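S.K.: Here it is: the structure, laid out below.
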Amino acid sequence: ISIICKRAIFDLYEIRNINLELDVANSSIGVKINNADVVLGHLSGKGKVVASKNTTYQFDVSLKDINSESLIGKYTKNPYIKGALSSNLNFYSSGNSISLFLENLRSTGKAEVKKGELLGYANILKPIFSLGKLINFLGPRGKNTEFQSLTLDYSLQNKLIKIQNLKMVGVGLDAHGAGNISFDRKIDFRIYVGLGGIAGKALYIPILYK
């Protein structure tokens, strides 16, 4: 079954230019998403839904040039990041309710945000400026932390997102780190920021987010 749809609403999302294919066999539904425009970017992927008393979902998904600021804005009023988000991920879950789906959700993937800024609580320039009297900071002095690229690996299980291999190539400073973010918005993160140090030597400042 081929489906072409100009516009649809799913939960918090308006989806446009949908092109997908369904393969239905008994209680199994194969899904191939050729294209769907969402949050000013594009989504594609494939997967399977097996309907039962404990319905299962398994998908491989590719996201390209998603507006990260708009995406996060659907869940919180606090700004954290802006830029074009691309990601390859897979997820598996089971359950016939939203609460069970989230409880059983498992996922892994890689993500990259290009030409963006860290905003608000995530803005690592704020704690660096507070050290201005102690170090020779030769980096940027704008309002937010601008970067050329930010990449990371993540895994999700038991409502806990584990982020590893976070690397940021910034404008005047770089950063790397890892940490955890829970579904109830608890954060445990450590980031090391590299900047122009005393006598021109590299200096790394650890920044903790709790």
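The values are calculated or read from the model by the stated rules, or taken from the named source; none is laboratory data. The model shown is predicted, which means the values in this text are computed figures rather than measured ones. Ideal geometry is used to build each Cβ from the backbone, glycine not excepted, and the neighbour counts take in all protein chains shown. The accessibility values were calculated without ligands, DNA or RNA, using every heavy atom of the protein model including side chains. Shrake-Rupley method; radii C 1.70, N 1.55, O 1.52, S 1.80 Å.
S.K.: Restricting to the stretch 1-39, and then to whatever is of a type in the set (S, T, N, Q) and not in a strand (DSSP E or B), can you tell me which residue is farthest from the chain's Cα centre (by Cα)?
M.R.: Per the stated criteria, the residue is Asn26.
S.K.: Just wondering, is there one or more residues in the stretch 75-98 that are of a type in the set (Lys, Arg), over 16 Å from the mean Cα position of the chain (by Cα) and more than 22 Å from Asp11 (Cβ to Cβ)?
M.R.: no
S.K.: Of the numbered conditions (1) open to solvent by 70 Å² or more (accessible area, probe 1.4 Å); (2) touching a Cys at 6+ places or on another chain (Cβ under 7 Å), Asn26 fails exactly one; give the number of that condition.
M.R.: (2)
S.K.: Among the residues of the stretch 149-179, what is the count of those that are of a type outside the set (A, V, I, L, M), farther than 22 Å from Asn104 by Cβ and open to solvent by 60 Å² or more (accessible area, probe 1.4 Å)?
M.R.: 5
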